[in-house]
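What follows is one structure encoded as structure tokens, with my remarks underneath.
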Amino acid sequence: QVILMESGGGLVQPGGSLRLSCEISESPFVNIRKMNWYRQAPGKPRDLVASLDTRNNDATYADLGKGRFTISRDNAKNTLYLQMVDLKPEDTAVYYCNVEYPRLGLNYTNWGLGTQVTVSS
């Protein structure tokens, strides 16, 4: 079982920056393989924004945020981050933290409740 709590969303002007945080609380023996950020705008599907492979710290990005978003983690704080710069109105969405992990031969995924990001002048 992994509990995720996002924070850091808010209202920002176009061209502005935000850093989202995801505090991760995990049960013993959970070995998280991937940490992800997704986003969902009203009336649209939930899209993957960025992904971090914990085995090699390899980060990958969807085209929607490439060059503007950076995913990172602080192991000491058990926190995942998404740094976003040069924000655009089309980045307006609820941003969700997500983790993937194997357990007893099955693959599990857990979600946070999301944090709202609104980009508007």
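Only the coordinates and a few stated rules stand behind these numbers; no lab work does. None of these values were measured; they are calculated from a predicted model. Cβ: placed from backbone, ideal geometry, glycine included. Neighbour counts: every protein chain shown.
Loop-only trypsin sites (Lys or Arg not before Pro) in the stretch 54-121, please: DSSP not H, G, I, E or B, and at most 14 other Cβ atoms within 10 Å.
Filter output for the stretch 54-121: R55, K66, K77.
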Could you tell me which chymotrypsin sites (Phe, Trp or Tyr not before Pro) in the stretch 29-121 are loop residues by DSSP with no more than 12 other beta carbons within 10 angstrom of their beta carbon? F29
Rounded to whole Hz and in sequence order, give me ³J(HN,Hα) for the stretch 13-30 from the Karplus expression 6.51 cos²θ - 1.76 cosθ + 1.60, θ = phi - 60°, writing x for Gly and Pro. 7, x, x, x, 10, 8, 10, 8, 10, 9, 7, 10, 10, 10, 6, x, 6, 8
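R0 = 25 Å: FRET efficiency of L113 with Q13, Cβ-based, nearest 0.05?
Details: r = 25 Å, r/R0 = 1.01.
In this case the efficiency is close to 0.50.
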Which lysines have a Cα less than 18 Å from the Cα of K44, not counting those fewer than 8 places away in the same chain? K88
Computed FRET value (nearest 0.05) for F29 with S72, which takes r as the C-beta separation and R₀ as 22 Å: 0.30
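Around S51, under 15 Å between beta carbons, what's the net of Lys plus Arg minus Asp minus Glu among the other residues? Please report the intermediate quantities before stating the final value.
Values: positive: R33, K34, R39, R46, R55, K66, R73; negative: D47, D53, D58, D63, E100.
Overall, the nearby charge balance is +2.
By how many nm would the segment from L104 to N56 lengthen if fully extended, with 0.36 nm per residue of separation less the alpha-carbon distance?
On the way: separation 48, 0.36 × 48 = 17.28 nm, distance 2.23 nm.
Length gained between L104 and N56: 15.0 nm.
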The stretch 96-111 scanned against label point 7 Å out from Q1 along Cα→C-beta; backbone N under 17 Å for 99, 101, 103-104, 108-111
